[in-house]
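> Provided herewith is a single structure, encoded as structure tokens, for subsequent inquiry.
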Amino acid sequence: MKVYIVGAGPGDPDLITVKGLKILQEADVVIYADSLVSEELVNRSKPEAEVLKSAGMTLEEMVDIMEARVREGKMVARVHTGDPSMYGAILEQMVLLKKRGIKFEIIPGVSSVFASAAALQAELTVPDLTQTVILTRAEGRTPVPEREKLKDLASHHCTVALYLSATLVKKVVQSFYDAGWEPDTPVGVVYRASWPDQKIIRTTLENLEQDLRDNGIRSQAMILAGHALDPRLVDSEDFRSKLYDPTFTHQFRKGV
């Protein structure tokens with residue numbers, strides 16, 4: 001037996017992977033981030049499973065439970081929101097599990113950045129516009145390395161996805177301005193992507209702070225910035241990939 005670190009997806013219980021759901025339904029013990037993971041999803045675990053909320057636990061308390069249950073021969077599902085590899089605080093869990101000789105496996109999930117892009121009906125990598133997406137967060141109580149300051153990352157002028165940054169929007173906007181972004185740069189914000197109370201805001205860099213304030217958004221929001229977020233792109237035929245261009249030859253088709 002081992003610990004399965006499962007990505008639950010962004011909120012919608014149907015956005016967990018097939019493999020992740022299978023693990024959840026087979027697990028003897030389910031430990032989940034109760035402030036972020038859907039109760040409806042957790043209720044899909046088997047009736048006799050031991051279900052524990054992790055919000056009130058320390059790291060050591062949580063790992064103690066994982067270790068004890070695995071040594072009892074039980075299968076443990078540690079359920080995280082989104083994808084565990086993005087701001088999931090899983091490394092510290094893996095360190096202790098490995099130190100204690102407990103095997104673990106990570107099951108990836110749908111990150112909120114992709115649920116947000118879907119809600120906004122946006123392609124984050126538009127041909128001839130941008131082919132790069134930077135996933136980051138603004139610096140607050142949690143520091144970022146000096147070489148990863150938002151101003152420097154934004155200087156690439158590609159699509160930027162900001163996790164955990166809604167309370168730092170003033171700093172975010174200034175960092176983009178310092179990197180040379182224009183006030184009318186498109187921005188999309190999705191609050192609680194894929195949840196029933198999801199809220200979508202389409203705005204610009206200059207109006208971002210006010211629009212978040214007007215909508216009372218200070219947490220659980222993904223901020224996507226860059227020209228790929230321009231809603232007018234769906235009315236243009238100027239951006240086409242080579243893959244489906246009739247003049248382009250590739251492995252499966254000869255161009256004309």
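The values are calculated or read from the model by the stated rules, or taken from the named source; none is laboratory data. The model shown is predicted, which means the values in this text are computed figures rather than measured ones. Glycine also receives a Cβ, built like all others from the backbone with ideal geometry; neighbour counts cover every protein chain displayed.
> What are the residue pairs meeting all of these: first residue in the stretch 34-53, first residue closer than 17 Å to residue 7 by Cβ, second residue in a strand (DSSP E or B) and not basic (Lys, Arg), Cβ atoms under 6 Å, and 6 or more apart or on different chains?
37/79; 42/32; 45/30
> Please report, ordered by residue number, the strands (runs of 3 or more DSSP E) entirely within the stretch 21-123 with at least 3 residues that are outside the structural domain of residue 220 (by TED's automatic domain parsing) and either in contact with a Phe, Trp or Tyr (Cβ under 6 Å, 6 or more places away or on another chain) or buried (at least 20 other Cβ atoms within 10 Å of the Cβ) (or both).
29-32, 76-80
> Also, I was wondering about something else. If you go through the stretch 72-104, how many residues are under 12 Å from residue 1 (Cβ atoms) and without any contact (Cβ under 8 Å) to a residue 60 or more places away in the chain?
Number of matching residues: 1.
> Let me ask something else about it. Please verify whether residue 161 is touching a residue at least 40 places away in the same chain (Cβ under 8 Å) and of a type in the set (A, V, I, L, M, F, W, C), treating the condition exactly as stated.
Here the answer is yes, as residue 161 does meet what is asked.
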